[in-house]
Amino acid sequence: MQEVLSYSRRGNRLNDRQAAAWERRHATWWVPDDAVDRPGFDLRSWFGRDAPLVVEIGSGVGEATVELAAARPSYDVLAFEVWHPGVADTFHRLEQAGVENVRLVSVDAVWSLRHLFGTGGIHELWTFFPDPWPKKRHHRRRLVDPVFAHLAADRLKPGGLWRLATDWGDYAERMVEVLDTEPLLENVHAGPAPRWADRPLTRFERRGLDAGRSITDLTYRRV
């Protein structure tokens, strides 16, 4: 059966700045695709320490990733991003900010949560502006569905937070419907959350606002 993915792979051509950042940093800041398949894979070895782990799914060019990680030096941040120019841009931003506690990986996040993490292994999960797949026939490709919600909730430690944001109203409604029915989660605000003050306003979010779409933040806690 053909695998249904929640993302599409865009072109991976790097510009000069991205290529230089990739060359400098991919050996230490990027977890290669084949590494996760090796027997005894140990994510902690890629950070060089044992620290509470935050996972971000869909980090884009790293605008939010870098700023949020910089404010949390005692945490390790693993960012999933399949678009290599975005990974390279994140390397550049990390260098500019002097941030060392982020690693990136470009394999499927759903597969990774299922196979690389145990129950309660993640302290916080960030899912900011996942691909909305706006056409109804593509809704089955949306990341937040009941199966993924249960998997993500299981991987969060008790009390751990799942922070989400979207600029598509119908997707926000579906997220609430799915997450409210997951028994391992509780809605911290009993509805949409106030905008998370720590989350920076990115170019992607500005485009949504410029297009007249409102932003919905959600915060769920693992019970």
Checking ARG38 against (1) farther than 20 Å from ARG155 by Cα; (2) under 17 Å from the mean Cα position of the chain (by Cα), which test does it fail? (2)
Could you please tell me which pairs satisfy a Cβ distance under 6 Å, a separation of 6+ or placement on different chains, a first residue in segment 73-102 that is within 20 Å of LEU53 (Cα to Cα) and part of a strand (DSSP E or B), and a second residue that is among the β-branched types (Val, Ile, Thr) and open to solvent by 10 Å² or more (accessible area, probe 1.4 Å)? PHE80/ILE57
As an exercise: evaluate VAL110 against (1) of a type in the set (Val, Ile, Thr); (2) under 27 Å from GLU173 (Cβ atoms); (3) not in a helix (DSSP H, G or I) and give the number of the one condition it does not meet. (3)
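The values are calculated or read from the model by the stated rules, or taken from the named source; none is laboratory data. Note that the coordinates shown come from a computational prediction; the quantities given were computed from them, not determined experimentally. We place every Cβ from the backbone using ideal geometry, glycine too, and count neighbours over all the protein chains shown. Areas reflect the complete protein model, heavy atoms only, side chains present, ligands, DNA and RNA absent. Shrake-Rupley method; radii C 1.70, N 1.55, O 1.52, S 1.80 Å.
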